[in-house]
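Just below is one structure, and these are the notes that go with it.
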Amino acid sequence: MSRVEKTNNNQSNPMAMENKEFARQLEKRTKTFAITIIKLSSILPNTPEGRVIRNQITKSGTSIGANYREANRARSKADFSNKISISESESSETVYWLEIIEELEWTEIQLIEAVLKEANELLAIFTSIGKNMK
């Protein structure tokens with residue numbers, strides 16, 4: 001089937017259109033989350049411990065969206081599944097670091113709770129996508 005035929009089939013298939021819109025919205029959401037994590041990391045203490053956690057949370061929090069974007073451009077179902085698995089793992093790690101920051105009381109409670117809520121929602125989404133792949 002040619003690329004044009006696939007495009008035409010997707011246009012007549014509402015489920016395919018819903019999936020594409022979902023993917024577009026989730027890419028946007030994970031990018032917004034990455035920016036939030038970068039902003040959060042910039043207000044962490046400038047201590048040896050703060051710098052370690054800043055580095056860890058910035059890596060994991062920005063990796064979620066980067067891997068999801070790569071999943072959407074995967075060349076195979078196995079590649080897609082692998083990238084989704086990485087996004088799930090990075091989401092889980094980000095939740096861990098956010099819990100550490102929360103328990104250390106390094107930021108305002110309302111800020112960390114909002115970011116933690118979004119991180120847990122992303123984790124649930126990627127866990128669900130991963131389970132539905134099997």
> Of the trypsin sites (Lys or Arg not before Pro) in the stretch 35-110, which ones lie in a loop per DSSP and count no more than 15 other C-beta atoms within 10 Å?
Replying inline: R73, R75
> Which residue, T62, T30, T107, has the most motion in a Gaussian network model of the chain that connects Cα atoms within less than 10 Å?
Replying inline: T107
> How much length, in nm to one decimal, is gained on full extension between V52 and A114, taken as 0.36 nm per residue of separation minus their Cα-Cα distance?
Replying inline: 20.1 nm
>> Between K20 and N82, what is 0.36 nm times their sequence separation minus the Cα-Cα distance? Round to one decimal in nm.
In response: 20.4 nm
> Considering only Cα-Cα distances, which of the following residue pairs are longer than 22 Å: K28/K83; K39/K83; K77/K117; K31/K83?
Replying inline: K39/K83; K77/K117
> In what order do S87, S41, S92 fall by count of nearby beta-carbon atoms within 10 Å, going from fewest to most?
Replying inline: S92, S41, S87
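Starting from the stretch 50-122, pick out the GluC sites (Glu not before Pro) whose DSSP state is loop and whose Cβ has at most 16 other Cβ atoms within 10 Å.
Values: sites: E70, E88, E90, E93, E99, E102, E103, E105, E108, E113, E118, E121; in loops: E105, E108.
Hits after loop and neighbour filter: E105, E108.
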>> Multiplying the sequence separation of T32 and E102 by 0.36 nm and subtracting their Cα-Cα distance, what value in nm do you get?
In response: 23.1 nm
> For the chain, what does -39500 (n - 2.57) per DSSP helix run (n ≥ 4), summed and divided by total residues, give at 222 nm, in deg cm²/dmol to the nearest 500?
Replying inline: -30500 deg cm²/dmol
>> What are the ³J(HN,Hα) couplings of the stretch 26-32, residue after residue, when phi is run through the Karplus curve with 6.51, -1.76, 1.60 and θ = phi - 60°? Round to Hz, x for glycine and proline.
In response: 5, 4, 5, 5, 6, 5, 4
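Each reported figure results from applying straightforward, stated rules to the coordinates on display, with no laboratory input. Quick caveat: nothing in here was measured; it's all calculated off a predicted structure. Neighbour counts run over all protein chains shown; Cβ positions are idealised from the backbone, glycine included.
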